[in-house]
Amino acid sequence: MKDVSAEVQSLFRPREEIMSLFHWIIIGQAGLALAFVMIYASGFATGGIAAGVRLGIMLEILAVGARCAIYATQPFRQNFLS
Amino acid sequence: MDWKKFSIAFFAAFGFIFVFGFIWYGTLMSGAHQEVSTLFRPKPDFPWLISGHVVMAFFLTFLCAKFVPAGGARICALLGLLVALVYVGAHLITFAVQPITNKILWGWNVGALIQFAVAGAIIGTIYKSSSPVTRPTPNS
């Protein structure tokens, strides 16, 4: 998606700045994984792998909803959504 | 799944999420968003905004119905909080790659926690089973 992002470069930090804030990406990914595991462990664990996959699909669809809201408020192009 | 209760819970959750979003993100955080106005559209694209909220409300309701078929405000609010933590993670990543301010980052995070916890509580209150749930007993 590098080319798609380059079309709206003004919406992103410069590469050097992103690298200086890289720890936030790691913390964000870790928080995301932790929340996912907590949801799975507190209600889906008895369903095994299938329940984990179903939960993952549901959370991703929730994230798609959030991306639609982001697209509605930020001037990204439509190919960024797809 | 009780589809009648599901539908009522979904519409209530959608109403809350949308109104809260308008008040919190669109009004209270409007000044913070103006500080980096080039990052945002002058006016939201409403069809996409509504679609996004419909999807979020529908799948939060679906998650609550699957997660706690017996319903209950407290447990569904907890699920809402956990879902909000997923969004907090995504916001931190956004902060790293987009030039949003600290004020916006923490405003979005606090907003998500309140929004999803209350939406979960609303869903749990409405989607409450009238009959006790039978749980499978171990070794049976």
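Bear in mind that the values in this text are calculations on the coordinates, not laboratory data. Since the structure is predicted, the reported quantities are computational estimates derived from the model, not experimental observations. All Cβ positions, glycine included, derive from the backbone under ideal geometry; neighbour counts span all protein chains shown.
Each of B:I75, A:I18 was scored by other Cβ atoms within 10 Å of its Cβ. Listed from fewest to most, they are A:I18, B:I75. Farthest towards the positive end of the charge dipole of region B:1-79, among the residues B:F20, B:G31, B:T61, is the Cα of B:T61, using unit charges on the Cβ of Lys, Arg, Asp and Glu. Between B:S7 and A:I57, the modelled labels are 2.4 nm apart [label points 7 Å from Cα along Cα→Cβ]. For chain A, a crude dipole built from +1 on the beta carbon of Lys and Arg and -1 on the beta carbon of Asp and Glu, taken about the Cα centre, is about 120 debye to the nearest 20.
Placing unit charges on each Cβ (+1 for Lys and Arg, -1 for Asp and Glu) gives region A:2-81 a dipole about its Cα centre, and among A:I25, A:P14, A:G52 the Cα reaching farthest toward its positive end belongs to A:G52. With R₀ set to 25 Å, the beta-carbon distance separating A:I26 from A:V64 gives a calculated FRET efficiency near 0.55.
Relative to the longest principal axis of the Cα atoms of chain A, helix A:22-41 runs at roughly 20 degrees.
For chain B, the longest principal axis of the alpha carbon atoms and the long axis of helix B:3-21 meet at an angle near 20°.
Put a plus charge on the Cβ of each Lys and Arg, a minus charge on the Cβ of each Asp and Glu, and nothing anywhere else: the dipole of the protein assembly as shown about its Cα centre is then about 500 debye. Angle of helix A:48-73 to the longest C-alpha principal axis of chain A, folded into 0 to 90 degrees and rounded to 10: 30°.
If the chain between B:T27 and B:I114 were fully stretched, how many nm would it gain, using 0.36 nm times the residue separation less the Cα-Cα distance?
Extra length available between B:T27 and B:I114 comes to 29.7 nm.
For region B:1-106, the Stokes-Einstein estimate of translational diffusion at 4 °C and a viscosity of 1.567 mPa s comes to 83 µm²/s, using the Kirkwood hydrodynamic radius over alpha-carbon pairs. Which of rounded, prolate or oblate describes chain A when judged by the alpha-carbon gyration tensor and an a/c cut-off of 1.5? Oblate.
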